[in-house]
Amino acid sequence: MAEAELLRVEGLKKYFNTPGGLLHAVDNVNFTVNRGETLGIVGESGCGKSTLGRVILRLYEPTAGRVFFEGFNIFTYSKQAMKRTRRDMQIIFQDPFASLNPRMTVSETISEALIIQRLYSPMDKEGLEKRSLELMEMVGLAPRLINTYPHELDGGRRQRIGIARVLALNPKLIICDEPVSALDVSIQAQILNLMQDLQDELGFTYLFITHDLSVVKHLSDDILVMYLGQMVEKAPAAKLFEKPIHPYTQALLSAIPVPDPDFNVKRTILKGELTSPIDPAPGCRFARRCPQARESCLGEDIPFRELEKDHFAACTMA
């Protein structure tokens, strides 16, 4: 394991049984993330981004593959060992309201993890409140909100509570599952700036899952593009935007809105039907929609290979 490496994912698969067959939600995903860096994971809804994050945390058990955290395969851990590891691996959910207990105040929500992980006694009311106030200050929440409930707050403040709850355990890895997609644009910017500031100050490692490419460009060191459960391209953020290789990545980037009505943007319009993720046939799963598809794209899976330094793609056209 490289000294800087925090997370390594090898051959990760997650299939779900359905009446029609096996749904390949995550299919042979491999990557590494170094300490203090951000890996952006992008793709359309249904591509397996969120499932990937949940399998890495063992909220879903994998079908196959391994996840190494600090050099150890967490899929071999007992429940008790995994509970201890969860101090270091946390998640920020997409919907800040659905992820909060409506019966708990802000203080109780933030304190819950501290009590579960036995960092504080539930009888230590003074200590828990002091720590809650410290965390609220870190995420920009006013102390007067400590005894409010989620329904009394707007979306931005709710998401700040979710972030404070994650910070309570001082984790090393945070999986951000579309943490700003449910918020207004102006609030999104505030939350993203907060997350960047916290990373700079505390050295967190992020897996940032999103479908907003304009967001992931500025936050990520590397970007992984997924399509129907598979990796199609991975590269440093600047390189991916400058020279996308896979036709799917090219189509995604061409769809980014430009705030200038006079600027002429060449859009890639995708046609054709989506390949079913249920027992998919070998070959490129994007082929039915790809304007460059040819016979060699079908029949066998396309290897995910390094085409330039640190730039990987799975495409026969490369």
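List the DSSP H helices in the chain whose Cα atoms stretch 15 Å or more along the helix axis and whose mean Kyte-Doolittle hydropathy is at least -0.5. Kindly include the intermediate steps, with their values, before the conclusion.
Working: long enough: 106-116 (16 Å, 1.27); 125-138 (20 Å, -0.88); 155-167 (18 Å, -0.30); 185-202 (25 Å, 0.18).
Counting only whole DSSP H runs, the qualifying helices are 106-116, 155-167, 185-202.
May I ask which of LYS172/LYS234; LYS79/LYS217; LYS266/LYS309 have a Cα-Cα span longer than 32 Å here? If you can, show how the numbers build up before the last one.
Details: LYS172/LYS234 23 Å; LYS79/LYS217 37 Å; LYS266/LYS309 28 Å.
As for pairs spanning more than 32 Å Cα to Cα, those are LYS79/LYS217.
Mind checking which aspartates and glutamates have their Cα closer than 19 Å to the Cα of LYS243? Skip sequence neighbours fewer than 8 apart in that chain.
ASP212, ASP221, ASP222, GLU233, GLU306, GLU308, ASP310
Taking neighbour Cβ counts within 10 Å as the exposure measure, how do LYS234, LYS309 sort from fewest upward? Could you put the intermediate results ahead of the total?
Details: LYS234 25, LYS309 8.
In order of increasing Cβ crowding within 10 Å: LYS309, LYS234.
With a 4.7 Å Cβ cut-off, tell me which Cys residues in the chain come up empty for a partner.
CYS47, CYS176, CYS290, CYS315
Place a +1 charge on the Cβ of each Lys and Arg in the range 104-170 and a -1 charge on the Cβ of each Asp and Glu, then give the dipole magnitude about the Cα centre in debye, rounded to the nearest 20.
Working: 9 positive and 9 negative charges, 25 e Å.
Approximately 120 debye in magnitude.
Stick to the Cα atoms of the range 171-318, pair each with every other, and give me the Kirkwood hydrodynamic radius in Å at one decimal.
17.1 Å is the Kirkwood radius here.
Please list, ordered by chain and number, the residues whose modelled amide H lies under 5 Å from the amide H of THR63; skip anything fewer than 5 residues away on the same chain.
For THR63, whose amide H was placed from the backbone, the distant partners under 5 Å are LYS13, LYS14, TYR15.
How many angstrom separate the Cα center of the range 218-258 from the Cα center of the range 93-122?
Computed from Cα coordinates, the inter-centre distance equals 35 Å.
Enter the per residue convex hull volume of the range 104-170, computed from alpha-carbon coordinates, in Å³ rounded to the nearest integer. Working shown, then result.
Numbers: hull volume 4.8 nm³, N = 67.
Convex hull of Cα atoms, per residue: 72 Å³.
Which of ALA189, GLN159, LEU57 sits farthest toward the positive end of the charge dipole of the chain, with +1 on the Cβ of Lys and Arg and -1 on the Cβ of Asp and Glu?
The one lying farthest along the dipole's positive direction is LEU57.
Tell me, what does the Kirkwood hydrodynamic radius of the range 60-209 come to in angstroms if you use every pair of distinct C-alpha atoms?
Numbers: mean 1/r = 0.0618 Å⁻¹.
Result for the range 60-209, one decimal place: 16.2 Å.
Out of ALA237, ALA168, ALA255, any idea which swings most in a Gaussian network model of the chain, alpha carbons joined below 10 Å?
Result: ALA255 has the largest fluctuation of those listed.
Using Stokes-Einstein with the Kirkwood hydrodynamic radius over Cα pairs, what translational diffusion coefficient do you get for the range 95-143 at 10 °C and a viscosity of 1.306 mPa s, in µm²/s rounded to a whole number?
Details: Rh = 11.3 Å.
The diffusion coefficient I find is 140 µm²/s.
If the elastic network links every pair of Cα atoms under 10 Å, which of GLU61, GLU308, GLU44 fluctuates the most in the Gaussian network model of the chain?
For the chain, modelled as a Gaussian network with Cα springs under 10 Å, the answer is GLU308.
Ranked by Cβ crowding within 10 angstrom, fewest neighbours first, how are MET104, MET195 ordered? Present the calculation step by step, with values, prior to reporting the outcome.
Details: MET104 15, MET195 23.
Taking fewest neighbouring Cβ atoms as first place, the list is MET104, MET195.
Nothing charged except the Cβ atoms of Lys and Arg (+1) and of Asp and Glu (-1): what's the magnitude of the dipole of the range 1-146 about its Cα centre? Round to the nearest 20 debye. List each step's numbers first, then the result.
Values: 19 positive and 17 negative charges, 89 e Å.
Dipole of the range 1-146, to the nearest 20 debye: 420 debye.
Check the straight Cα-Cα distances from LYS14 and name the lysines below 17 Å, setting aside those fewer than 8 residues away within the same chain.
Within the straight-line cut-off, LYS14 pairs with LYS49.
If one puts a single equal scatterer on every Cα of the range 124-258 and applies the Debye formula without solvent, what log₁₀ I(q)/I(0) results at q = 0.12, 0.14, 0.18, 0.22 Å⁻¹?
-0.56, -0.73, -1.04, -1.37
Is it possible to state the helix-based mean residue ellipticity at 222 nm for the chain, with each DSSP H run of 4+ residues giving -39500 (n - 2.57), the sum divided by total residues, to the nearest 500 deg cm²/dmol? What is it? It would help to have the intermediate numbers written out before the result.
Details: 9 runs with 92 residues, N = 318.
Per the formula, -8500 deg cm²/dmol.
Rank the residues VAL26, VAL33, VAL166 as a footprinting-exposure proxy: fewest other Cβ atoms within 10 Å of their Cβ go first. Don't skip to the end; give the middle numbers.
On the way: VAL26 30, VAL33 21, VAL166 24.
Taking fewest neighbouring Cβ atoms as first place, the list is VAL33, VAL166, VAL26.
If you take the charge dipole of the range 186-283 about its Cα centre, with +1 on Lys and Arg Cβ and -1 on Asp and Glu Cβ, which of HIS211, SER276, LEU224 is farthest toward its positive end?
Towards the positive end, the residue furthest out is SER276.
Relative contact order of the range 104-170: what whole-number percent is it, with Cα pairs under 8 angstrom and at least 6 residues apart?
Values: 63 pairs, mean separation 31.7, N = 67.
Result for the range 104-170 is 47 percent.
Determine the gain in length on full extension of the stretch ASN34-ARG267; use 0.36 nm per residue of separation and subtract their C-alpha separation, reporting nm with one decimal. Walk me through the intermediate numbers first.
Values: separation 233, 0.36 × 233 = 83.88 nm, distance 3.43 nm.
Going from the current span to full extension adds 80.5 nm.
Over the alpha carbons of the chain, what is the largest minus smallest coordinate on each principal axis, giving the biggest first in Å?
On the principal axes, the chain reaches 68, 54, 43 Å in Cα extent.
Please give the charge dipole size of the chain, origin at the Cα centre, charges +1 on K and R Cβ atoms and -1 on D and E Cβ atoms. Round to the nearest 20 debye. Write out the running numbers ahead of the final one.
Working: 37 positive and 40 negative charges, 144 e Å.
Using only the charged Cβ atoms, the result is roughly 700 debye.
Every number in this text was worked out from the coordinates using simple rules, so none of it is lab data. Only a predicted model underlies this, so the values are computations on that prediction, with no experimental measurement involved. No Cβ is skipped: glycine too gets one built from the backbone with ideal geometry, and neighbour counts run over all protein chains shown.
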